[in-house]
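Working notes, beginning with the structure itself.
What follows is calculated from the coordinates using simple rules that are stated; it is not laboratory data. Quantities reported herein were computed from a predicted structural model and do not represent experimental measurements. For neighbour counting, all protein chains shown are included, and Cβ atoms are generated from backbone atoms with ideal geometry for every residue, glycine included.
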Amino acid sequence: MTAHRLPAGGLIDRGRPLGFTFDGKRYQGFAGDTLASALLANDVRLVGRSFKYHRPRGLIAAGVEEPNALVELRSGGYREPNTRATVVELFEGLEARSQNRFPSLKFDLLGVNSLLAPLFAAGFYYKTFMWPASFWEKLYEPAIRRAAGLGRHSRQADPDTYEKSHEFCDVLVIGGGTSGIAAAREAAAAGARVILCDEGFAPLDLPDAANLSVFMRCTVFGVYDGGTYGAVQRLTDHLPASHPSARGGPRQRFMKIVADRSILASGAFERPMVFGYNDLPGIMLAGAVATYVTRYAVAPGTNAVIFLNHDDVVPNVQIMADAGIAITAIVDVRATSSEAVRVLSHRIQAPVFAGAVIDRAHGSTAVSGVDIIDARGTKISVPCDLVAMSGGWNPVLHLTSHLDGKPIWDEAIAAFVPGTLPHGMQVVGAAAGCGINANIQPLWLSGQHPAKSFVDFQNDVTARDLILAKQEGFAAVEHLKRYTTLGMATDQGKTSNVNGLAILATETGKTIPETGTTRFRPPYTPVALGVLAGPHRGKYFKPTRLTPTHDFAVANHATFVEAGLWLRARYFAQGTEDRRAAVFREVDAVRNGVGFCDVTTLGKIDIQGPDSVKFLEFVYANGWNDLAIGRVRYGLMLREDGFVMDDGTCARLGQQHFVMTTTTANAAKVMQHMEFCHQVLAPALDVCFVSVTDQWAQLAIAGPHARRVLQRLVDPPFDLSNDAFPHMAAAVPTICGGIAARLFRLSFSGELGYELAVPARYGNALAAQLMQTGADFNITPYGTEALGVMRIEKGHPAGPELNGQTTAHDLGLARLLSRKKDYVGRALAARPALTDPHRPTLVGLKPCDRRTILRAGSHLLRPEAALTAANDEGFVTSAIVSPTLGYPIALALLANGPARIGETIRVYDPIRNGDVLADIVAPVFHDPAGSRRHA
Amino acid sequence: MRYSALTVLTQALRGHAGWRPAWRNPAPAPDYDVVIVGGGGHGLATAYYLAKHHNVGRIGLLEKSWLGNGSVGRNTTIIRSNYLLPGNLPFYELSMKLWEGLEQDINYNAMVSQRGVFNIYHSDPQRDAYARRGNAMRLHGIDAELVDRDALRQRIPYLDYDNARFPIQGALLQKRGGTVRHDAVAWGYARAADRLGVDIIQNCEVTGIRQERGKVIGVETTRGYIGAKKLGIAVAGASSLVAAMAGLRLPIESHVLQAFVSEALKPLIDTVITFGAGHFYISQSDKGGLVFGGDIDGYNSYAARGNLPTIEDVCEGGMALMPMIGRARLVRHWGGIMDMTMDGSPIIDRTPVENLFLNAGWCYGGFKATPASGFCFAHLIACETPHKVATFYRLDRFASGRLIDEKGVGAQPNLH
Amino acid sequence: MRIACPYCGPRGLEEFLYHGDASVRRPEDGGAVPDQAWTDYVYLRENANGPHRELWYHHAGCHAWLVVTRDLRSHDILGVTAARDEA
């Protein structure tokens, strides 16, 4: 045994042994272990294979910066690839597997890549695999992709749930080390609302106070504008799947923390030394070795060589020695070793090689010795099973650079320290560069084996790659990173960026600050996409808005359709009816009897005030001055660029009181636009308006018998007769014995029609009442499909025609544009391209054979024209089979359309194999005189 | 040195001692016949095609920092020509054709991968809108297919077919669409342009545009004055700032667009997929990272980073479309600055200032346009007339109303 | 990013919708034929890399239109007023 559990000590609970498996083999650890410490305790030192060369790799670190020990955790849909063994808390039954190896970790066929490494130098793939071109997708790329990647995704839907929360505080403390705890204590004692987040799971010594919230297993991963911090708390990742909290409870929580001040106490990461074969298992960061000893009571080896260039390592070496690890040699880069190292070497009886470096390590799947080059240049081979290295410490300043803060090079400690900070942030402790790298003498590249001196372990970027990239002109830091992939792996260069930058600086003969700096993008450590989405997936991706007659529709077997966020009844099938039969029946009912349909989803805006008319004059393109009280008018709204924005109706209920409707799709947009017109463009107008879409249930009641049905609902003495309440009339009667209502005589279907609005809570009751009241007329609820069919038969433009690319002229509505007033869109609607008579304009189409269906999205060409884009003259916007006419019809936008009525056009739909000739007709197919709505 | 498998092998045997810089690092000349401002994809492609196809004399390209640091190095690498309007279709199809022959042309493997682009639809009107688009593509001689739900499920089984808030009904597919290794495009064009004699000058920021009697005569830079007979600006993201040096205001807002990459995974997603009921699209890189994105943040910015609401929106869209990605981990997100125009379409045109040419307004779709943009801008600068596939990209279209508004949202850049 | 709505207090970005440059002024008269002033109003924008006056809409709050002064380089918000008070 080389790595082993120490007989005493550590923060593990030896009374709670935990069984786990790695690559199928059973092991035991203790509560308080990480997967990494438990593996080491079992002398498992080979834990993964590297990205490119598939080299055997072991643990380097003990924390989140670990680049090598990535494993697949759990199984089935719960499988989590690329999980750092150093941050996985051990639990009973944990399953882990090594990754990126075939067939096994010990014998990996792609280990041959290591032999081919001379070919696979930085950027080699940009220079080859180009011939023949078609082989890229077929041959080269699939092979490269299979070899690349790391862990395997399960390909199954994530079975876990996630949640989100908003947190607010005066002071956010990031990191629960000595500095963080001191900061949190002080801030809380001063009365501030404090949140402390710590990514670990070791208990923290903090007082229990109402104004201090402590989130463990919680990583602050990003800093955003306005004092907003993104954090993820892991709630059940440390529990076996059978644990009650892990079943049903959310796996993780995404916290958006808003803080006035923050204190970054994130500590520092130790830098590896870059020397030959420095990636062999058993070569570790000195601080990590000490952590395994003190926290987990694991000795990662028995015979250690120490490689250092500063004095912070000294206490860690003492820890190793105290744990019984034999210190075979201390290799100190500095020509004259420091007092601290000399005292240490004397105390632990270890030889010091001052002014020496490690040239290379030896070993196959674990380190077995090193070659030291001493101050005189003599090579000394020393056997060992552990190399504890430290090239100094890098402050963990990631979060300081998320808002473009640029770290500054501090020559005294040979490290980057935080530069400009986000507003309200203070950095303390090692993260600020305090108390680190005592008496450091930087060494960036050691020994004579650059091709096997790894800088970025996970991406297999060697010192030679960096030198080669520079040689090829990729000497800007960003070029270097992108060309070599330095720092682009899952660890985002936590252990490699500074070493890489320094090696580049050495190569270019520049200082480190001249060469560049390291900045970090969020997230600080990888974040599961699931937690960022929280509960918003599946049916809960977006809210679902239900109409006030939804329960009625469900009870009447409606099939529903999504209309924006709304769920609307599409049709009400009876018995075994299919969609077409149901829609035909519903249309027939409206055309020949009576039907009703929920139109609540249309936007409703209540407008009041002395300047209401002036305001309507401004926002609508048509005129409103002369609209009498009790009348409704169709309204057309343009955008300021002259294109049609929306249409609807507006009723005048009083001298200063109007009710506007918008299309369903544009309800919010119109509201926003009107607020803009009022607050920004015309604040002097004395008008108020509010959306009442949700307050009123509105039902269209249409068909020859509509009046007779309605008569039975409306309270007397209200007169519904054609003379008293004609087409486009509006009133506020009561119904059903005193229920306040709004009644409009409107017709979207072309039949005698009304729209009746009641307070939303009466929606279902009104629908039920209509069914009862109209039973003897066989009153029929109809859905959006029949609604749409009838509007196409009537040639009313709707969504497909109001597509934001059409003008009033295109829709045949040019006559509505007022010439007497200023209104939004007037000026730019007069631009040449918008008034061009050859623009595609609304027409109707009927297939010449009156049989073949037409499809929306088909393009229109002259029958004899070649099938090319140059001959494209328009397209079909809406198409149906007309129940009323008994054959297919369509609305279309056709160049110079109205002038071509009577001609034949080719309706071309190659993407669906459609190709049919159609007659160009006027866009109103049913009751063109419009007499039925006046009945 | 020509790149090939043979040279890679030879160099490997020689310890790679023979590799030379991919491009020279020349000092700026006192003047050039044509100066291109902007060492991104479009500027480099422009310089390359100018040198290759047009006899315009000496060409200098000025980059304020390092080549490819703008959008060409920050995008999500997708190429496609699945546009709707006649103003766009021939242009993007030219771009696609140039992509298809790019690597052999410039002798650089940019990993052009025609993996297909699926635009998912979720309703009948959306299907018909995609049909309209697909038919327009077909009429322009571009491949397009409509894939129904069953066929889509066969091809991409891991979408949420059974529990989606907005049911998946099918997709518009362009098989020739795909991805390209973005950095390699900048490097490949740079190397190819350099080999044709273009001076590529990095760390040379333009600080002023010198005019004489309404004509451009050169640029002030951080490395001194450089004379120019013709000046082409290709600095998307900073177009308003550079144009302002010539006294021009543009119909452009600068917006931030975020992009995202996950940890590297073994092959999982073998095509490009866009969500039709939210803002999300995704592909997988050759290295294994899932590369994805969504909508722009929606406010003007010159800071290349965004905020949490968009990040959440993108991830929500992703989980709604393919709930398997919940356990993939985001490893990095970043932002880039987009030239958002008032109709969502680009500008390749002369300007009111003589000898000043503008290539701008690529919104969030400039990467796929890179070859055609360079090709057409080179043509414009050399011939002083628009290339036939770029005749709609005029500055005066806003006054005339000849807009190219694919989405139909009008003069509101953050909605395009 | 957080915007201090004069009516509602500081609120997160997700409650607001962005409109754009607040410096443009709608020409007085609709006019029969659009002139340059109209094209400029609808299509040209201030877009300098520094403090920027811009319109935001508090759509998930009080529906106020706000004029926000914000530095486009840093996203720092330098001031917020109600648009109706600016006119």
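On a straight-distance basis, which lysines could pair with A:Lys794 in a cross-link, Cα separation under 20 angstrom, same-chain partners fewer than 8 positions away excluded?
Those lysines meeting the cut-off are A:Lys846.
So what is the calculated 222 nm ellipticity per residue for chain B, using -39500 (n - 2.57) for each DSSP H run with n of 4 or more, over all residues, to the nearest 500 deg cm²/dmol?
My calculation for chain B gives -9000 deg cm²/dmol from helical runs alone.
With equal scatterers on the alpha carbons only and no solvent term, can you work out the Debye log10 of I(q)/I(0) for the protein assembly as shown at 0.05 1/Å?
Results for the protein assembly as shown at q = 0.05 Å⁻¹ read -0.43.
With all pairs of different alpha carbon atoms counted, what Kirkwood hydrodynamic radius in Å does segment A:154-292 show?
Over segment A:154-292, the inverse of the mean reciprocal pair distance is 17.2 Å.
When the helices in chain C are scored as -39500 (n - 2.57) per DSSP H run of 4 or longer and the sum is shared across all residues, what 222 nm value do you end up with, to the nearest 500 deg cm²/dmol? Can you show the working numbers first?
Working: 2 runs with 12 residues, N = 87.
Theoretical 222 nm ellipticity from helices: -3000 deg cm²/dmol.
If I fit a long axis through the Cα atoms of helix B:41-53 and take the longest principal axis of the Cα atoms of chain B, what angle between them do I get, 0 to 90°, rounded to 10?
Helix B:41-53 sits at roughly 60 degrees to that axis.
At 7 Å along the Cα-to-beta-carbon direction for both A:Thr868 and A:Val881, put a label point, then send me their distance in nm to one decimal.
Result: 3.8 nm between the two label points.
Convex hull over the alpha-carbon atoms of segment A:209-355: what's its volume per residue in Å³? Spell out each step's value before the answer.
Details: hull volume 31.2 nm³, N = 147.
Here the figure is 212 Å³ per residue.
Can you pull the three principal axis extents for the Cα set of segment B:15-132, in Å, largest first?
Over segment B:15-132, Cα extents along the principal axes are 60, 41, 26 Å.
Which Cα, out of A:Ala431, A:Val455, B:Ala236, lies furthest along the positive dipole direction of the protein assembly as shown (beta carbon charges, K/R +1, D/E -1)?
With unit charges placed on the Cβ atoms, the residue in question is A:Val455.
Using C-alpha positions alone, give me the convex hull volume of segment A:456-569 per residue in cubic angstrom.
Here the figure is 159 Å³ per residue.
Considering only lysines 8 or more places apart in sequence, or on different chains, count the pairs in chain B whose C-alpha atoms sit under 18 Å apart.
Eligible lysine pairs with Cα atoms under 18 Å apart amount to 9.
Between 0 and 90 degrees, rounded to the nearest ten: what's the tilt of helix A:763-773 against the longest Cα principal axis of chain A?
30 degrees
Report, in deg cm²/dmol and to the nearest 500, the calculated mean residue ellipticity at 222 nm for chain A, where each DSSP H run with n ≥ 4 adds -39500 (n - 2.57) and the sum is divided by the residue count.
Computed mean residue ellipticity for chain A: -5000 deg cm²/dmol.
Is there a quick way to get the dipole size of segment C:2-86? I mean about its Cα centre, with the Cβ of Lys and Arg at +1 and of Asp and Glu at -1; what is the value in debye to the nearest 20?
260 debye
Chain B: percent of C-alpha pairs farther apart than 42 Å?
Of all Cα-Cα pairs in chain B, 13 percent lie more than 42 Å apart.
How high is the relative contact order of segment A:230-292, in percent, with contacts defined as C-alpha pairs under 8 Å that are six or more residues apart?
27 percent
When only alpha-carbon atoms count, how far does segment A:216-291 stretch along each of its three principal axes, as whole angstroms with the largest first?
The Cα atoms of segment A:216-291 stretch 47, 41, 19 Å along the principal axes, largest first.
So which residue, out of B:Leu356, B:Leu321, B:Leu98, gets the largest mean-square fluctuation from a GNM of chain B using Cα contacts under 10 Å as springs?
Ranking B:Leu356, B:Leu321, B:Leu98 by mean-square fluctuation puts B:Leu98 first.
Give the lysines whose C-alpha is closer than 21 Å to that of A:Lys452, dropping any in the same chain fewer than 8 places away, or say none.
Filter leaves A:Lys52, A:Lys106, A:Lys379, A:Lys470, A:Lys481, A:Lys494.
Once each part is reduced to its C-alpha centroid, what is the distance from segment A:51-93 to segment A:500-573 in angstrom?
First find each Cα centre; the distance between them is then 26 Å.
Looking at the protein assembly as shown, send over the antiparallel percent of its DSSP beta bridges, to the nearest 5.
Approximately 75 percent, going by the DSSP bridge assignments.
Under 8 Å for C-alpha pairs, at least 6 residues apart: give me the relative contact order for chain A, rounded to a whole percent.
8 percent
Could I get the Rg over Rh figure for segment B:125-268? Both from C-alpha atoms, Rh via Kirkwood, rounded to two places. Present the calculation step by step, with values, prior to reporting the outcome.
Working: Rg = 23.4 Å, Rh = 20.8 Å.
Using only Cα positions, Rg/Rh for segment B:125-268 is 1.13.
Using only the alpha carbons of chain C, what is the convex hull's orientation-averaged projected area in square nanometres?
Mean projected area of the Cα convex hull: 6.2 nm².
Give the shape of segment A:784-935 as rounded, prolate or oblate, defined through the alpha-carbon gyration tensor: a ≥ b ≥ c are the square roots of its eigenvalues, a/c under 1.5 means rounded, and otherwise the shape is prolate if a/b is larger than b/c and oblate if not.
It comes out oblate by the Cα gyration axes.
For segment A:423-479, divide the Cα radius of gyration by the Kirkwood radius and give the resulting Rg/Rh value with two decimals.
Taking Rg over the Kirkwood Rh, I get 1.14.
Please work out whether segment A:155-203 counts as rounded, prolate or oblate from its C-alpha gyration tensor, where a ≥ b ≥ c are the square roots of the eigenvalues and a/c under 1.5 means rounded, while otherwise a/b larger than b/c means prolate and anything else oblate?
Oblate, because a/c is 1.5 or more while a/b does not exceed b/c.
What is the angle, in °, between the Cα long axis of helix B:308-321 and the longest principal axis of the Cα atoms in chain B? Nearest 10 is fine, range 0 to 90.
In chain B, helix B:308-321 runs at an angle near 50 degrees to the longest axis.
Can you tell me which lysines have their Cα less than 22 Å from the Cα of A:Lys820? Leave out same-chain residues fewer than eight positions away.
A:Lys820 reaches A:Lys614.
Quick one: P(r) of segment A:506-577 from all Cα-Cα pairs, 5 Å bins, percents rounded to integers, in order of increasing distance.
3, 12, 12, 10, 9, 8, 6, 6, 6, 5, 5, 4, 4, 3, 4, 2, 1
Return an integer: the convex hull volume of the alpha-carbon atoms of segment A:280-383, in Å³ per residue.
Taking only Cα atoms, segment A:280-383 has a hull volume of 84 Å³ per residue.
Between segment B:307-321 and segment B:171-190, how many Å separate their Cα centres?
Result: 24 Å between the Cα centres.
How many angstrom lie between the C-alpha centres of segment A:336-390 and segment A:124-187?
That distance is 36 Å.
Once the principal axes of the Cα atoms of segment A:559-697 are found, what is the range along each, listed largest first in whole angstroms?
Extents along the principal axes: 60, 29, 29 Å.
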